[in-house]
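Engineer: First the structure, then my questions, so here it is.
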Amino acid sequence: DGGITQSPKYLFRKEGQNVTLSCEQNLNHDAMYWYRQDPGQGLRLIYYSQIVNDFQKGDIAEGYSVSREKKESFPLTVTSAQKNPTAFYLCASSIQDTPNQPQHFGDGTRLSIL
Amino acid sequence: GNSVTQMEGPVTLSEEAFLTINCTYTATGYPSLFWYVQYPGEGLQLLLKATKADDKGSNKGSEATYRKETTSFHLEKGSVQVSDSAVYFCALRDGGSNYKLTFGKGTLLTVNP
């Protein structure tokens, strides 16, 4: 079945540590996105990528980094510079980055601080 | 900038009740509108969409009509079930600089047997 796979489902970070969240899709989608979800809030865009080897900052990119070396993969690194990383992180993809195309989401990674 | 406003929850209904979740938006241009649903511990699933004025999106007994004159996209379902308990998000994308998907804050629906 085609879909978006995020791993791990749960992740714990120690102080001063960088952690990387994985996102893989086999939908052959061009565009991929990372969102952060906090309790009682909507989703906020961290980074997005329209094509391989290119990505743009979203609304809350500080303390995060991404890469897009392959079409299928868009890993997110939460760096030690992100002072409040505890959240639910969602990866999404769409056929193209056009207004009428919906985004398809993975099941998320819940990140907590030890 | 773009924004989406949803009715605040939580909403608690009994099975077979009628559901309405209000959603209004502010956007430049002519956005596409979406409803997503999030079940506990999962990601978001697309429920329905509408891409132009007067379009009606529908899926699994839920529907919403794109009303340009009132800038609204209210979600309705005629008879809810316990399995409909989830968080519902209204969202829009427009033809702006990066086609960003803008979400409302979500509405928690609990359906009791």
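Bear in mind that the values in this text are calculations on the coordinates, not laboratory data. None of the values given here were measured: they were computed from a predicted structure. Here the Cβ is made from the backbone with ideal geometry for all residues, glycine too, and neighbour counts use every protein chain on show.
Engineer: Return the Rg/Rh value of chain B, two decimal places, where both radii are evaluated on C-alpha atoms and Rh is the Kirkwood radius. Can you show the working numbers first?
Structural biologist: Values: Rg = 13.6 Å, Rh = 14.1 Å.
We get a ratio of 0.97 for chain B.
Engineer: What would the Debye formula give as log10 I(q)/I(0) at q = 0.27, 0.28, 0.29 Å⁻¹ for the alpha-carbon point model of the stretch B:45-102, no solvent?
Structural biologist: Results for the stretch B:45-102 at q = 0.27, 0.28, 0.29 Å⁻¹ read -1.25, -1.29, -1.34.
Engineer: Follow-up question, since we're still on this one. Order these by the 10 Å Cβ neighbour count, fewest first: A:Ile95, A:Ile4.
Structural biologist: Values: A:Ile95 14, A:Ile4 23.
Going from sparsest to densest Cβ surroundings: A:Ile95, A:Ile4.
Engineer: Still on this structure: Please report, in debye to the nearest 20, how large the charge dipole of chain B is about its Cα centre when each Lys and Arg carries +1 at its beta carbon and each Asp and Glu carries -1 there.
Structural biologist: Working: 10 positive and 11 negative charges, 81 e Å.
Computed about the Cα centre, the dipole is about 380 debye.
Engineer: Take every Cα pair under 8 Å in the stretch A:15-54 that's 6+ residues apart, average their separations, divide by the length, and report that relative contact order as a whole percent.
Structural biologist: Numbers: 30 pairs, mean separation 13.5, N = 40.
The normalised contact order for the stretch A:15-54 reaches 34 percent.
Engineer: Based on Cα coordinates alone, diagonalise the gyration tensor for chain A, multiply each eigenvalue by 5, take square roots, and list the semi-axes in whole Å, largest first. Intermediate values should be presented prior to the final figure.
Structural biologist: Values: eigenvalues 100, 38, 37 Å².
That gives 22, 14, 14 Å for the three semi-axes.
Engineer: Here's something else I'd like to know. Where the convex hull is taken over the Cα atoms of the stretch A:29-73, what is its projected area averaged over directions, in nm²? The partial results should precede the final answer.
Structural biologist: On the way: hull surface 13.3 nm².
About 3.3 nm², averaged over all directions.
Engineer: Now for a different question. Apply 1/(1 + (r/R0)^6) to the Cβ-Cβ distance of A:Asn28 and A:Glu62, taking R0 = 41 Å, and write down the FRET efficiency to the nearest 0.05. Mind showing how you got there, number by number?
Structural biologist: Values: r = 31 Å, r/R0 = 0.76.
With a Förster radius of 41 Å, E is 0.85.
Engineer: Only four residue types carry charge here, +1 at the Cβ of Lys and Arg and -1 at the Cβ of Asp and Glu. Report the dipole size of chain A about the Cα centre in Debye, rounded to the nearest 20. Can you show the working numbers first?
Structural biologist: Details: 11 positive and 12 negative charges, 77 e Å.
Here chain A has a charge dipole of around 360 debye.
Engineer: Would you calculate the separation in nanometres between label points at A:Asn100 and A:Asn18, each defined as 7 Å from the Cα along the Cα-to-beta-carbon direction?
Structural biologist: So the label points at A:Asn100 and A:Asn18 sit 4.2 nm apart.
Engineer: With Cβ to Cβ distances under 15 Å as the rule, what net charge do the other residues near B:Phe103 carry (K, R +1; D, E -1)? The partial results should precede the final answer.
Structural biologist: On the way: positive: A:Arg36, A:Arg44, B:Lys49, B:Arg93, B:Lys100, B:Lys105; negative: A:Asp38, A:Asp59, B:Glu8, B:Asp94.
Around B:Phe103, the charge tally is +2.
Engineer: In addition: Compute the distance in nm between two label points, each set 7 Å from the Cα along the Cα-to-Cβ direction, one at A:Val52 and one at B:Thr12.
Structural biologist: With each label placed 7 Å out from Cα toward Cβ, I get 5.3 nm.
Engineer: Something else about it: Would you mind giving the three semi-axes, in whole Å and largest first, of the ellipsoid equivalent to the stretch A:36-100 according to its Cα gyration tensor? Walk me through the intermediate numbers first.
Structural biologist: On the way: eigenvalues 86, 47, 18 Å².
So the three semi-axes of the stretch A:36-100 are 21, 15, 10 Å.
Engineer: Right, something else. Starting from the Cα of A:Ile113, step 7 Å along the direction of its Cβ; do the same at B:Thr110; then give the gap between the two resulting points in nm.
Structural biologist: According to this spin-label approximation, the distance is 3.0 nm.
Engineer: Follow-up question, since we're still on this one. Rounded to whole Å and ordered largest first, report the semi-axes of the equivalent ellipsoid of the stretch A:1-62 derived from its Cα gyration tensor (root of 5λ).
Structural biologist: Working: eigenvalues 88, 52, 37 Å².
Semi-axes, largest first: 21, 16, 14 Å.
Engineer: Please quote Rg/Rh for the stretch B:1-58 to two decimal places, taking the Kirkwood radius as Rh and restricting both calculations to Cα atoms. Don't skip to the end; give the middle numbers.
Structural biologist: Values: Rg = 13.4 Å, Rh = 13.6 Å.
Result for the stretch B:1-58 is an Rg/Rh of 0.99.
Engineer: Rg/Rh for the protein assembly as shown to two decimals, with Rh computed the Kirkwood way over all alpha-carbon pairs.
Structural biologist: Values: Rg = 17.5 Å, Rh = 18.0 Å.
Using Cα coordinates only, the ratio equals 0.97.
Engineer: Could you work out which residue, out of A:Pro85, A:Pro75, A:Pro39, moves most in a Gaussian network model of chain A, that is, has the largest mean-square fluctuation with Cα springs under 10 Å?
Structural biologist: Greatest mean-square fluctuation among the candidates belongs to A:Pro39.
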